[in-house]
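Novice: Structure incoming, see below.
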Amino acid sequence: MAKKHYEAIIIGAGSVGAPAAFWLAKAGVRTLVLDQKPSVGQGSNKTAIGGIRATHSDPAKIRLGLRSIEIFSTWKKEYGDEIEWYRGGYSFVAYREREERILKELLEIQHSYGLNIAWLDRDALLEVVPDLNRESLIGGTFSADDGNASPLLTIHAFYSHAQRLGVEFRFGETVTGIIVKGGRVQGVKTDKGEYGADVVINAAGPWARQVAQMVGLDVPVTPDSHEAAITEAVARFLDPMIVDIRPMPGSVNYYFYQHYTGQIVFCITPSPSIWGFDTRETSSFLPMVARRMVDVMPKLKNIRVRRTWRGLYPMTPDGSPIVGWSREVAGYLLAVGMCGQGFMLGPSLGELLARLVGNDLEPEDQEVLDHMSPYREFAGQEKLK
Ligand SMILES: Cc1cc2nc3c(=O)[nH]c(=O)nc-3n(C[C@H](O)[C@H](O)[C@H](O)COP(=O)(O)OP(=O)(O)OC[C@H]3O[C@@H](n4cnc5c(N)ncnc54)[C@H](O)[C@@H]3O)c2cc1C
């Protein structure tokens, strides 16, 4: 029997693949999405805590972040689904001169890209976040337009709309090879069959390197374990996501916010990094992060933690995603290496991928694509990872 043919096949129904499927379908592209897991968003997407910001230090992420915020914040009105979007803002707090200097230096580029972000001195910051520990507090940035949403509800919204628009999803099916002839993709092989395609998009998250190797490309994406937790729900007392970028023994930074439904959700960036695919949570995470959080917000000492989990950042050497066409294999598109920001970047990146496939780029897209090029040097380091 002749294999079924699609205009685009997406490998991975995650934070990137599901929105990409939706935007491709909107553009009229006949699309198949394949995922090894039993349902949508079961890779890294379900481990994300839901933070959404345009407050980055890299212009490409700022642009994508701004567009993603537009999509998240208007989704319910536009498409009708509750995704628990809450515009509480983000606040990077400074208790030492080092962090004050870093955060103030970044304001210049952030303002040049139109971000609504300001430096607030101690008293002004305490008006926004009254429960911060006042001792040694210098101030912090506040970007009122950032926010958060539910990764679970968001991916289901993209998935169900994509399906309604005709995208086929096949779950529990692992891609095992990519069919290439004469330097051009022809389709994919899975553990269950073969499908033809003009374009194959690698949106395989932490597994992206293996999926790139299927066409002989080496893409520097490495799984990096991070743990997170959620508390019981309490009445709202906290609006912004609080980010503390002071490195301490055992951790680089940590961040927490109060979700739409009242719970505090938080995670920490371990130091040194924990590389690999192991997603069993540890007993060291909670005591470490709890100490840091209670230090910054003493009121949290009475709240009870309900659940912890561990997930994978698909990390790149410079902390920026890898997005663009392969030069070696025509029709093979990379949308990988989302690091700690795939949930927030996914909606706008999915739209950009649809423009790439439709050969319909907008003038500003080129700057984003240059920054995220698979062929860049990978020499720099993003400051707000
Ligand atoms: C603790 C924690 C907190 C986080 N918090 C945030 C946050 O607040 N905000 C934010 O934006 N991001 C956050 N992230 C990061 C975010 O989760 C990731 O960047 C994002 O989910 C990556 O999206 P992705 O689509 O690239 O990968 P995924 O969502 O993992 O999707 C990839 C999919 O590809 C499938 N796949 C892989 N290989 C194959 C194959 N061979 N065949 C078939 N299917 C395959 C997988 O099963 C998977 O479903 C957090 C991550 C962690 C761990």
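Novice: Could you list which residues have their amide H under 5 Å from that of Ser271, counting only those 5 or more apart in sequence or on another chain, with H placed in the peptide plane?
Specialist: So Ser271 has HN proximity to Gly250, Ser251, Val252.
Novice: Using only C-alpha atoms and all pairs of different ones, pull out the Kirkwood radius for region 115-213 in Å with one decimal.
Specialist: Details: mean 1/r = 0.0541 Å⁻¹.
By the Kirkwood definition, the hydrodynamic radius is 18.5 Å.
Novice: What whole number of Å gives the distance from the Cα centroid of region 219-272 to the Cα centroid of region 1-79?
Specialist: 23
Novice: To continue, here is another question. Going by average Cβ neighbours within 10 Å, how do the peptides 106-117, 51-62, 355-366 rank, with the highest at the top?
Specialist: Values: 106-117: 15.7, 51-62: 23.8, 355-366: 12.9.
Per-residue mean Cβ counts within 10 Å order the peptides as 51-62, 106-117, 355-366.
Novice: Could you work out which residue, out of Met372, Met338, Met288, moves most in a Gaussian network model of the chain, that is, has the largest mean-square fluctuation with Cα springs under 10 Å?
Specialist: Its mean-square fluctuation being the largest, the pick is Met288.
Novice: Check which residues have an amide H placed less than 5 Å from Ala330's amide H, if you skip close sequence neighbours.
Specialist: Those lying under 5 Å, H to H, from Ala330 are Arg184, Val185.
Novice: Okay, moving on. By the scheme Lys and Arg +1, Asp and Glu -1, what is the net charge of all other residues having a beta-carbon under 13 Å from that of Val323?
Specialist: That works out to -1.
Novice: In nm, what is the difference between 0.36 nm times the number of residues separating Thr174 and Asn133 and their Cα-Cα distance?
Specialist: Working: separation 41, 0.36 × 41 = 14.76 nm, distance 4.89 nm.
Between Thr174 and Asn133, full extension yields 9.9 nm more.
Novice: Taking Cα atoms, how many degrees apart are the long axis of helix 285-296 and the longest axis of the chain, rounded to 10 and kept between 0 and 90?
Specialist: 50
Novice: Could you give the length gained by full extension between Met248 and Ser39, i.e. 0.36 nm per residue of separation minus their alpha carbon distance, to one decimal place? Mind showing how you got there, number by number?
Specialist: Values: separation 209, 0.36 × 209 = 75.24 nm, distance 3.79 nm.
The Met248-Ser39 span can extend by a further 71.5 nm.
Novice: Which ordering of Asp198, Asp121 is given by a fewest-first count of other beta-carbon atoms within 10 Å? Walk me through the numbers before you get to the answer.
Specialist: Numbers: Asp198 18, Asp121 11.
Least to most surrounded, the residues fall as Asp121, Asp198.
Novice: Packing-wise, with mean Cβ within 10 Å as the measure, how do 68-74, 214-220, 254-260, 279-285 rank, highest first?
Specialist: 254-260, 68-74, 214-220, 279-285
Novice: I'd like the orientation of helix 97-112 relative to the chain: the angle between its Cα long axis and the longest Cα principal axis, in ° from 0 to 90, rounded to 10.
Specialist: For helix 97-112, the angle is close to 50 degrees.
Novice: Applying the Karplus parametrisation 6.51 cos²θ - 1.76 cosθ + 1.60 with θ = phi - 60° to the phi angles of region 69-75, what ³J(HN,Hα) value in whole Hz is obtained for each residue in order, glycine and proline being reported as x?
Specialist: With coefficients 6.51, -1.76 and 1.60, one gets 4, 4, 5, 4, 6, 10, 4 Hz.
Novice: Which three semi-axes in whole Å describe the equivalent ellipsoid of region 201-255, each the square root of 5 times a Cα gyration tensor eigenvalue, listed largest first? Walk me through the numbers before you get to the answer.
Specialist: Working: eigenvalues 248, 53, 20 Å².
Each semi-axis is √(5λ); the values are 35, 16, 10 Å.
Novice: Any idea how far apart Lys192 and Ala118 come out in nm if each label point goes 7 Å out from Cα toward Cβ?
Specialist: Going from the Lys192 label point to the Ala118 one covers 5.4 nm.
Novice: Here's another thing I want to ask about it. Between Asp218 and Lys76, what is the FRET efficiency for a Förster distance of 45 Å, r being their Cβ-Cβ separation, to the nearest 0.05?
Specialist: Working from the Cβ atoms, E equals 0.60.
Novice: For a quick check, take a GNM of the chain with Cα springs below 10 Å and name the residue from Asp123, Asp318, Asp244 with the largest mean-square fluctuation.
Specialist: Highest fluctuation among the options: Asp123.
Novice: Apply the Karplus curve 6.51 cos²θ - 1.76 cosθ + 1.60, θ = phi - 60°, to the phi angles in region 10-21 and return the couplings in whole Hz, x for Gly and Pro.
Specialist: Karplus-based 3J(HN,Hα) across region 10-21 equals 9, 9, x, 9, x, 4, 9, x, 5, x, 4, 4 Hz.
Novice: Starting at the first residue of region 198-205, write each ³J(HN,Hα) from the Karplus equation 6.51 cos²θ - 1.76 cosθ + 1.60 with θ = phi - 60°, in whole Hz, x for Gly and Pro.
Specialist: So the Karplus estimates, Gly and Pro as x, are 7, 10, 10, 9, 7, 10, 8, x Hz.
Novice: What percent does the relative contact order of region 73-174 come to when contacts are Cα pairs within less than 8 Å and at least six residues apart? The partial results should precede the final answer.
Specialist: On the way: 116 pairs, mean separation 39.1, N = 102.
Value for region 73-174: 38 percent.
Novice: To continue, here is another question. Translational D (Stokes-Einstein, µm²/s) of region 169-228 at 4 °C and 1.567 mPa s when Rh comes from the Kirkwood sum over C-alpha pairs?
Specialist: Working: Rh = 12.7 Å.
Stokes-Einstein gives a translational diffusion coefficient of 102 µm²/s.
Novice: Continuing with this model, one more query. For Leu361, what residues show an amide H to amide H distance below 5 Å, using hydrogens built from the backbone and excluding near sequence neighbours?
Specialist: Answer set, sorted by chain and number: none.
Novice: Okay, moving on. Ranked from highest to lowest mean number of other Cβ atoms within 10 Å per residue, what is the order of the peptides 165-171, 269-275? Display every interim value, and only then the final one.
Specialist: On the way: 165-171: 16.7, 269-275: 14.1.
Packing proxy ranking, top to bottom: 165-171, 269-275.
Novice: If you don't mind, there's one more thing I want to ask. Need the list of lysines near Lys104 for cross-linking: C-alpha distance under 29 angstrom, and skip anything on the same chain fewer than eight residues off.
Specialist: Those lysines meeting the cut-off are Lys61, Lys299, Lys383, Lys385.
Novice: Starting from the exponent 0.38 and prefactor 2.2 Å, build the expected Rg for the chain from its residue count and divide its actual Cα Rg by it.
Specialist: Numbers: Rg = 20.6 Å, N = 385, 2.2 N^0.38 = 21.1 Å.
For the chain, the normalised Cα radius of gyration comes out at 0.98.
Novice: Could I ask something else about it? With a Förster radius of 41 Å, plug the Cβ-Cβ distance of Asp365 and Asn302 into 1/(1 + (r/R0)^6) and report the FRET value to the nearest 0.05. Could you put the intermediate results ahead of the total?
Specialist: Values: r = 48 Å, r/R0 = 1.18.
Rounded to the nearest 0.05, the efficiency is 0.25.
Novice: What value does region 5-136 have for Rg/Rh, both radii from Cα atoms and Rh as Kirkwood defines it? Display every interim value, and only then the final one.
Specialist: Working: Rg = 19.1 Å, Rh = 17.9 Å.
We get a ratio of 1.07 for region 5-136.
Every read-out reported here was derived from the displayed coordinates using simple, explicitly stated rules and does not represent laboratory data. Predicted model only: the values in this text are computed from it and were never measured. All Cβ positions, glycine included, derive from the backbone under ideal geometry; neighbour counts span all protein chains shown.
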